[in-house]
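The next block holds one structure in the form of structure tokens; read it before the comments.
Just so you know, all these numbers are worked out from the coordinates, no wet-lab data involved. Predicted, not measured: the structure shown is a model, and the values here were computed from it. Don't worry about glycine lacking a Cβ; one is built from the backbone with ideal geometry, like all the others, and counts go over all protein chains shown.
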Amino acid sequence: MNSRTIKAAAVAAIGFGALTGASAARAQIITGAGASFPAPLYQRWAQAYKQATGQQINYQSIGSSGGVKNITARAVDFGASDGPMTASEMQNAPGVLHIPMVAGAVVLAYNVRGVPEHIKLTGPVIADIYLGAITRWNDPRITALNPGVNFPAANIVPAFRSDGSGTTNIFTNYLSQVSPAFRERVGVGKAVKFPKGIGGKGNESVAALVRQTPGAIGYVELAYAENNKLSYADVQNRKGNFIRPTIAATTTAAEAARLPSDFRLIITNTPAAQGYPIVGYTWILVRRDTKPGVKKFLQWALDEGQKMAAPSGYAPLPANVQKRALAVVNSLQ
Amino acid sequence: MTDRPLQGSVRPKPQKVVAEAAAATEPQPGPARPAVRRVGDTVYGGLTFAASLSIFAIILWIAWKLTEQSLPTIRAYGFRFVTGTEWDEVKGVFGVWPFIFGTLYSSFIALVLAVPISLGAAIFLSELAPRWIRTPVTFLIELLAAIPSVIYGLWGIFILLPFLREKVMQPILNSPLPNLPGVSGMFQGYGVGPSMLAAGVILAIMIIPFITAVSRDILRAIPRAQREASYGMGATQWETIQRVVVPYAKSGIIGAVILGLGRAFGETMAVTMVIGNQTPSNPFALFEPGYTMSSALANKFTEASPGLHTAALIEVGLVLFVVAILVNIVARVLVFYTAKDIQGGR
């Protein structure tokens, strides 16, 4: 029994080591690994691409940091990340390019009995909910935004991602822009310490927590809120308009951002009048000297693949960004 | 513990095998045969020795690797890593005490819930149950042990959490219990589902089959003569169970409980899915979310940035490893002393 206990501890302790080392690819299979946020779309792409060309693509949804680690270590043909690589990460992996693939919206899903779909919230109110400064659904700051809606006196239970995630990065980036208190106390990151609430691992877990918990509010990728039939809020953008998170509003926000030549930019809190404010790109990371097969796949994904984005809940790239991304891919060796 | 009762039956075996082997080779003439056998023996002995040594080597290797990779945080924080109460990646502060406490506390809750049920079930199955109940129930218990933990986690999210919220937490929160002095800290918080209590309950459900199955086997292994002697002295069935059977199996049952505890310590997926993954304001609060070492690893490892953050997580693994070993040593000592108590009776 001794060895069993130790075995259990050992599995818990170092089993994770296996996650970081992806196996070497066979010559004809293209391997990719990284962000979980766009994983459903990438897997559909892989399927469609195999049908179209016979080329097999293996994408492992292991998280953005894993994607960065693997492309740095040349363990995969392409990595994927929801946040741009940091300056120090770029130093370790010279010659890695960021190719934007699609944009996605992070929505605030909620479960409050008797409250209709699409209540209105503002950035500062969301920040104060997550800071624990607003604790009840009938708080005057919420009811003032939603005249005519009868909120119960129930506790607000904020739900967050307990695992490190690009979704959290986009969400905290936005809240830190609109709330100095949030920037001060929580800050921006893939993994942050929320002062209150319940944590779930993965978008699907947060969606399940919101669905199961009366009074809960949680941030998830748009597709997860739709698939789980959760109500989600309209959020006020910088221009003062309350915007419903849709594919169109996501694309509008993405169009308004001026991406630098290396595409590394977080685009929350858009200046566009009709853009949804909590939006981010997701990138594929490739080396300049990548295999010809990877180049072909990326060309396909930026062209044919874009048509599959919207049905999967992601916003296709704005035309100008798509053109620039294709130009970069075409310049790969 | 299971090795002690088994030893008696295993020990004669090698002699028998050797005797049979000798008998088989005897009619074969020529000196080559015994020489070959001797080489075989040496090889066989060497292989089994290497196998047993490899277990030792793997443990040392794990310990060494974990220590080596967590050196950056060991150097940076020293013992404050274990006593620190804040874990904030953004500020670069890493303290694991809430995780250590969460692991111990959730496992303790699990034992408190699981031990009486498992013992009751084991006693019933070994002493009281008629065969037509015993066989299917034993089968079901073993089946329970084979369910993957992610299934327990899903069941936890969709069935257990709503049940605890509606039938346990909200009624207690609305009762005078939270205001009683002494226990007030335990019954505060959201009471919405994901919580330390939920983690304890799911762990209890997961370890019940282990403790039950092992305890039942140990009770079944008690010689008939012990029971018959007790009945012969005029003892009732209850007296026999209480004064003869259970004390005789005590060290084995403690061993079974430790086996369950070991599983509770390391359990990751199911706990992560129901515990709420948040450092609680009051560590004893049953209705508030909590954190364990293994759920922290499951949550944070995949997206850990290289450097101090990764080293800190590997050190969490090291701490879990050390805590598991310490608890096992304590358990071994406990078993040793309880076993000594009854040795005279054997």
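Structure summary
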{"item": "Crossing angle, helix A:2-14 versus chain A [Cα axis fit, 0-90 degrees, rounded to tens]", "result": "90"}
{"item": "Magnitude of the charge dipole, chain A, Cβ model with Lys/Arg +1 and Asp/Glu -1, debye to 20", "result": "400"}
{"item": "Proxy reagent accessibility, fewest Cβ within 10 Å first, across B:V246, A:V76", "result": "B:V246, A:V76"}
{"item": "Cα centroid separation, region B:213-254 to region A:35-61 (Å)", "result": "61"}
{"item": "Likely footprinting exposure, A:V68, A:V157, B:V333, fewest C-beta neighbours within 10 Å first", "result": "B:V333, A:V157, A:V68"}
{"item": "Radius, Kirkwood style, for the protein assembly as shown when every pair of distinct Cα atoms is counted (Å)", "result": "28.2"}
{"item": "Over 16 Å [Cα-Cα, region A:217-325], rounded percent", "result": "63"}
{"item": "Per-residue mean of C-beta atoms belonging to partner chains within 10 Å, peptide A:195-208", "result": "5"}
{"item": "Over 27 Å (Cα to Cα) - which of A:K229/A:K307; A:K201/A:K295; A:K193/B:K65; A:K196/A:K239 fall in this group", "result": "A:K201/A:K295; A:K193/B:K65; A:K196/A:K239"}
{"item": "Theoretical gain in end-to-end length, B:A146 to B:F79 [0.36 nm per residue, Cα-Cα removed]", "result": "20.2 nm"}
{"item": "Relative contact order [Cα under 8 Å, 6+ residues apart], chain B, whole percent", "result": "25"}
{"item": "Most mobile listed residue (B:F210, B:F56, B:F108) in chain B, GNM with C-alpha springs under 10 Å", "result": "B:F56"}
{"item": "Enclosed volume per residue, in Å³, of the convex hull spanned by Cα atoms of chain A", "result": "153"}
{"item": "Share antiparallel - DSSP beta bridges, chain A, percent rounded to 5", "result": "60"}
{"item": "Principal-axis tilt of helix A:39-53 within chain A, Cα atoms, nearest 10 degrees", "result": "40"}
{"item": "Using θ = phi - 60° and Karplus 6.51 cos²θ - 1.76 cosθ + 1.60, couplings along region B:202-209 (whole Hz; Gly, Pro as x)", "result": "5, 5, 4, 4, 6, 9, 3, x"}
{"item": "Region A:199-275 and region B:78-156: distance between their alpha carbon centers, rounded to Å", "result": "37"}
{"item": "Under 10 Å, Cβ to Cβ, from A:D234 - net charge with Lys/Arg +1 and Asp/Glu -1", "result": "+1"}
{"item": "Debye, to nearest 20: dipole size of the protein assembly as shown, +1 on Lys, Arg Cβ, -1 on Asp, Glu Cβ", "result": "800"}
{"item": "Where the Cα pairs of region B:99-342 fall when distances are cut into 5 Å bins, in %", "result": "1, 6, 12, 14, 16, 14, 12, 11, 7, 4, 2, 1, 0, 0, 0"}
{"item": "Tilt relative to chain B, helix B:12-25 - C-alpha long axis, 0 to 90 degrees, to 10", "result": "40"}
{"item": "Interchain or long-range residues, amide H under 5 Å from A:F160's placed H", "result": "A:I198, A:G199, A:G200"}
{"item": "Ranked A:H118, B:H309, criterion: other C-beta atoms within 10 Å, fewest first", "result": "A:H118, B:H309"}
{"item": "B:E288 long-range amide H proximity, modeled H, under 5 Å", "result": "B:M196, B:L197"}
{"item": "Of A:N58, A:N169, A:N227, the one that fluctuates the most in a GNM where chain A has Cα springs shorter than 10 Å", "result": "A:N227"}
{"item": "Surrounding net charge for B:E303, when Lys and Arg each add one and Asp and Glu each subtract one, Cβ distance under 9 Å", "result": "+1"}
{"item": "Farthest positive-ward along region B:99-342 dipole, Cα basis, beta-carbon charges - from B:I147, B:T302, B:I241", "result": "B:I241"}
{"item": "Antiparallel DSSP beta bridges within the protein assembly as shown, percent to nearest 5", "result": "60"}
{"item": "Neighbourhood net charge (9 Å Cβ-Cβ; Lys/Arg +1, Asp/Glu -1) for A:G164", "result": "0"}
{"item": "Amide H contacts of A:L97 (H built 1.01 Å from N, under 5 Å, at least 5 apart or other chain)", "result": "A:V286, A:R287, A:R288"}
{"item": "Selected from B:P289, B:P280, B:P178 as most flexible by GNM, with chain B as the system and alpha-carbon contacts under 10 Å", "result": "B:P178"}
{"item": "For region B:275-285, 3J(HN,Hα) per residue [Karplus equation, 6.51 cos²θ - 1.76 cosθ + 1.60, θ = phi - 60°, Hz, x = Gly/Pro]", "result": "7, x, 6, 8, 5, x, 6, 10, x, 8, 5"}
